[in-house]
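One structure is given below, encoded as structure tokens.
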Amino acid sequence: MSAAGGPGEVRRGADAFRTVRDDRTTVHAFSFGPHYDAANLGFGPMVCHNDDRVAPGGGYPDHPHTDLEIVTWVLDGELTHTDTVDGSRAALGAGTVQVTSAGSGIRHSELVDPAAGPTRFLQVWLRPDEPGRPPRTTRTTAVLDPDGFTPLAGAGGLPLGTRGARLLVARPRAGVPLRLPDAPLLHLYVARGAVTLPERGPLGTQPDGGYDGPAAPGGGEGDAWRLRDAGEQVVVPRDDGTELVVWAFDADA
């Protein structure tokens, strides 16, 4: 369910498609696999925004991709990544961002070691500007600015093959207004905690685990706000555990 009108469209995490397996649960922001929704195929160049929670020993075995910019942000635990770009194997701990440009074709796996703890990561797929480019993978461990957004990919972060796309993350202090990036298209995701939106009220979970929105099992973490040509917007974090993940795009695609 979405809320239309006002400065953007709210998408409640409680209403998102879910894929549930023995080893993982994935929350899909957009139409994905068997969860087809012709009215929700993407947002600008973003065609996938998945929130994965994976148990130790679980994950995604080796599989192929072509012509996608695959961006992974690890929230908790440790994800083991392998790919055919250089045959490397890397352990992505919490606070790691990785960009894989699938280009002309790669195979990769994303698994949680049996000795690792439960792992949560966000993964976004973007359409690239040019098909068939040589594949590549880059990654870094982020040091977040305590007073605002930190660029992780795109301008100021790891290189992306989608012009005008930027990934930014903030962990703001409760009660301190936070100005969002001004972009033609903006996707705000409440990865943890809660914020108050102008004219829209609360979004996300409350500090006591309650949900600000339609009742939902497990709380409302995972709410999103999609804005088009909204100008400068300000959100107010409602607790110190809030984490906001923002994608900004220069133009609709």
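Maximal additional length on extending the LEU144-GLU130 stretch stands at 2.0 nm, based on 0.36 nm per residue less the C-alpha distance.
Among TYR60, TYR189, TYR36, the ranking by other beta carbons within 10 Å of each residue's beta carbon, starting with the fewest, stands as TYR36, TYR60, TYR189.
Rounded to whole numbers, the Karplus 3J(HN,Hα) couplings from phi for the range 102-118 are 5, x, 5, x, 9, 10, 8, 10, 9, 10, 10, 4, x, 8, 7, x, x Hz, using 6.51 cos²θ - 1.76 cosθ + 1.60 with θ = phi - 60°, and x at Gly and Pro.
Once the Cβ-Cβ distance of ALA155 and ASP37 is raised to the sixth power relative to R0 = 45 Å, the FRET efficiency obtained is 0.90.
Other residues whose C-beta falls under 9 angstrom from the C-beta of LEU92 contribute a net charge of -1, scoring Lys and Arg +1 and Asp and Glu -1. Computed over the range 2-249, relative contact order equals 20 percent, with contacts defined as Cα pairs under 8 Å that lie 6+ residues apart. Counting Lys and Arg as +1 and Asp and Glu as -1 over every other residue whose Cβ lies under 13 Å from the Cβ of ARG192, the net charge comes to -3. For the chain, the extents of the C-alpha atoms along the principal axes are 49, 38, 38 Å, listed from largest to smallest. Backbone geometry of the range 15-26 corresponds, through the Karplus equation with coefficients 6.51, -1.76 and 1.60 at θ = phi - 60°, to 3J(HN,Hα) couplings of 9, 6, 4, 10, 10, 10, 10, 4, 9, 7, 10, 10 Hz, x marking Gly and Pro. Remark on LEU160: its backbone amide H falls under 5 Å from those of GLY154, a criterion applied only to residues 5 or more positions apart or on other chains, H modelled at 1.01 Å from N. Remark: spin-label model distance ALA115-ASP15 equals 4.5 nm, labels positioned 7 Å along the Cα→Cβ axis. Highest mean first, the peptides 225-236, 134-145, 151-162 sorted by other C-beta atoms within 10 Å per residue fall in the order 151-162, 225-236, 134-145.
Ranking VAL47, VAL20 by Cβ neighbours within 10 Å, fewest first, what do you get?
Ordered from fewest to most neighbouring Cβ atoms within 10 Å, VAL47, VAL20 come out as VAL20, VAL47.
Its relative contact order, with pairs defined as Cα atoms under 8 Å and 6+ residues apart, puts the range 69-170 at 30 percent.
Amide H to amide H distances under 5 Å link GLY8 with no residue, where only residues 5 or more positions off or on other chains count and H is placed in the peptide plane. Amide H to amide H distances under 5 Å link PHE17 with HIS28, where only residues 5 or more positions off or on other chains count and H is placed in the peptide plane. Neighbour counts of other Cβ atoms within 10 Å put TRP247, TRP125 in the fewest-to-most order TRP125, TRP247.
When only the Cβ of Lys, Arg, Asp and Glu is charged (+1, +1, -1, -1), the dipole of the chain relative to its Cα centre reaches about 120 debye.
Each value in this text was obtained by applying a stated rule to the coordinates, not by laboratory testing. In this text the structure is predicted, and so the values were computed from the model without any measurement. Reconstructed Cβ throughout: ideal geometry from the backbone, glycine too, with neighbour counts over all protein chains shown.
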